[in-house]
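Before any comments, here is the structure.
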Amino acid sequence: MNLFIEYSMVGIASGGMYALMALGFVLVFKGTGVFNFAQGELMMLGAYIFLSVNQLAGLHWSIALLATVLFALLTGVLIERTVLRALAGQPLLSIVMATVGLGLVLKGAAGLIWGQEQRTLPELVPRKPIFIGDILIPGAVFWSFVISMAVIAACLLYFRFTRGGVTMRAAASSQVNAYAVGINVPVISALTWGLAAAAGGFAGVLLAAINNLTPHLGDLALSVLAVLIVGGLDSLAGVIVGGLIIGWLQSMTGAYLGGQYREIMPFIVVLAVLLVRPHGLFGRKEIERI
Amino acid sequence: MGWACLEIDAAMSLLEIRDVSLAFGGVKALTGVSLAVEEGTVTSVIGPNGAGKTSLYNVISGFYRPQSGAVAFAGADITLVKANRRAALGMARTFQNIALFRGLTVLDNIKLGAHHYLKSGVLPAAWYIGSAAREEAQLRGKIERDIVDLLHLADFRDAPVSALSYGLQKRVELARALAMRPKLLMLDEPVAGMNREEKEDMARYILDVREEWGVTVLLIEHDMGMVMDLSDQIHVLNFGQKLSSGTPDQVRADPAVIEAYLGEG
Ligand SMILES: Nc1ncnc2c1ncn2[C@@H]1O[C@H](COP(=O)(O)OP(=O)(O)OP(=O)(O)O)[C@@H](O)[C@H]1O
Ligand SMILES: [Mg+2]
């Protein structure tokens, strides 16, 4: 029983990181209806930017983190202004394929610039284990959980209470309506992509600080697909729930069925979810008519 | 387009549609439609289903660009002005199918109507600092006093709009349009699907708004009783063309109108 609780806690805590990784996908999908397959590469890119500013330029990690988030924000805006603008009005599938291509380009470029070898980021999160009662949670898992939840909570508050956030939600809810009340929808879309990329860059730094950094860091983001489908692609609260469920599930699977099943278990659950709620990955609401 | 402005005479109308044509592929939604809306009036656009009424609204509010013709508002040619810029010029509209921001509360929906005249941009407002917060508080107070109370929405202000009845949702849409402080309020079938009592309420709100705010109202409505009661001026569309214009009495007596309405069987 104690083992069960311990694995549960560790699993749930590691789910926090999943939730943070899923956040960027949800922001873009909710805001612009696009599933951004390059989100993982934006994470990877963020981690490399952090590495460059922190280690190569020798600046304090806090400055490096700030620079990373700003850089990611601008990258997101730039992607929206160029790739997305150019494809406006094209079928959704073309746009999604363009994000796949973009991801590949970013991955290739990172390999050219920073090389394929593994890099190590400084220890941003304390490794010292945390004890809750007599249950041990690894420090990295615990702190990444806390940080992830804080970031997602900040996002939730932002969308709930600030005018910028409400404006973004409005534009996401109905573009026609948004135009009608005078919202500059293209600018809001660009900001949404910027915000999602910033969340991705931040997640990338955290992820690379816990694991290692190679140009393939972004591949991990696809493991978040399960989180997105369980939690719902357009729900911030769903991201938390989905992340924690998948984290718990993986931990349980690893503990009771063996490590080799850890990676497939989430997708078995996803299949089950899709069978019950078939409007899965690209299931969109009705088309607007004015 | 300087010459276009000169064409408008001194005692100008608030809104002028000049020879507008709009087609979707082979479907001619509007053909050579010209009409004017005088300041301070309630002006209605009527016509059978598919006559092009909503298309006309979409041209006026900038969602569709007409293939030919011009739209002038408050003396300026706005044919090429983007849809989101027209709010600041003083246009507000409601939609035939309820178009609220689902997932947002009643008050958030209404407040979004004020988006275009809040001075603090979205970015400072994003961080909710200083003057942005003060402006927000003032706006909230003003909207509560002037609009929420006028339309009797106080009890629902914090409810998500999707939880409201159909009639109430229509009222929230009107409230949001009012929060835009428009010169021209364009309503697309504001009482469609309402019961008698709700219809009477809505008609009263429309008259109140004109009385208290001096707003010019443009109305699309199939409820002939309401149209005849409220309108100063009526324009009739049929198959994308203007069939008739005049006061309610003139339009009612126009043989072409009678035929269009009775003839369609
Ligand atoms: N986006 C569009 N694409 C193609 N055709 C359209 C579009 N919008 C309107 N139409 C067509 O234009 C014509 C006029 O439609 P419109 O919606 O303006 O009519 P309406 O007078 O508002 O009718 P109703 O009283 O039923 O609302 C119709 O034949 C309609 O099918
Ligand atoms: Mg219509």
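The values are calculated or read from the model by the stated rules, or taken from the named source; none is laboratory data. Treat the numbers as computed from the prediction; the structure is a model and nothing was measured. Cβ coordinates were reconstructed from backbone atoms using ideal geometry, including for glycine residues, and neighbour counts include every protein chain displayed. Note: accessible area is taken over every heavy atom of the protein model, side chains too, but ligands, DNA and RNA are not part of it. Shrake-Rupley method; radii C 1.70, N 1.55, O 1.52, S 1.80 Å.
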Cα to Cα, under 17 Å, and not fewer than 8 places away if on the same chain: which aspartates and glutamates meet these conditions relative to B:K199?
B:E173, B:D188, B:E189, B:D208, B:E221, B:D223, B:D229
Going by amide H atoms built from the backbone, whose H comes under 5 Å of the H on B:R93, apart from near neighbours?
B:M186
In the P(r) worked out for the protein assembly as shown, what percent of Cα pairs fall beyond 40 Å?
37
Taking H placed 1.01 Å from N in the peptide plane, check which residues at least 5 places from B:S68 or on another chain put their amide H under 5 Å from its amide H.
B:S21
If I compute solvent accessible area with a 1.4 Å probe over the protein chains, what percent of it on chain B is carbon and sulfur?
52
Report, for region B:184-265, the % of DSSP beta bridges that are antiparallel, rounded to 5.
50
Excluding ligands, DNA and RNA, what is the accessible area buried between chains B and A, summed over both sides, using a 1.4 Å probe, to the nearest 100 Å²?
2500
Per-residue mean of other chain beta-carbon atoms within 10 angstrom of the beta-carbon, peptide B:110-116?
5
Under a Gaussian network model of chain A whose springs join Cα atoms within less than 10 Å, the largest fluctuation of A:L136, A:L56, A:L274 belongs to A:L56
For the protein assembly as shown, with only Lys/Arg (+1) and Asp/Glu (-1) charged at the beta-carbon, what is the dipole magnitude about the Cα centre, in debye rounded to 20?
1500
Using the alpha-carbon centroid of each, what span in Å lies between region A:179-249 and region B:207-230?
47
Cut-off 9 Å between beta-carbons: net charge of the residues surrounding B:S34, Lys and Arg +1, Asp and Glu -1:
0
Would you mind counting up the charge near B:R65? Only other residues with Cβ under 14 Å from its Cβ, with Lys and Arg at +1 and Asp and Glu at -1.
+2
Between helix A:185-210 and chain A: long-axis angle, C-alpha atoms, 0 to 90°, nearest 10:
10
Anyone know which of B:D254, B:D232, B:D155 comes out most mobile in the 10 Å Cα GNM of chain B?
B:D155
Summarise the accessible area of chain A (1.4 Å probe, protein heavy atoms) by the percent that is carbon and sulfur.
70
Per residue, how much accessible area does region A:1-55 have with a 1.4 Å probe, in Å²?
26
Would you mind checking the tilt of helix A:236-256 against the longest principal axis of the Cα atoms of chain A, expressed as 0 to 90 degrees and rounded to 10?
30
Stokes-Einstein translational diffusion, chain A - Kirkwood Rh over all Cα pairs, 0.692 mPa s, 37 °C, in µm²/s
168
Could you go through region A:265-271 in sequence order and give the Karplus-derived ³J(HN,Hα) for each residue, using 6.51 cos²θ - 1.76 cosθ + 1.60 with θ = phi - 60°, rounded to whole Hz, and x for Gly and Pro?
4, x, 7, 5, 5, 4, 4
Rotationally averaged projected area of chain B (alpha carbon convex hull; nm²):
15.6
Given pairs B:K111/B:K170; B:K111/B:K183; B:K28/B:K183; B:K142/B:K170; B:K142/B:K183; B:K53/B:K170 and cut-off 24 Å on Cα-Cα distance, the over-length ones are B:K28/B:K183
Most mobile of B:A137, B:A87, B:A154 in a GNM of chain B (Cα contacts under 10 Å):
B:A137
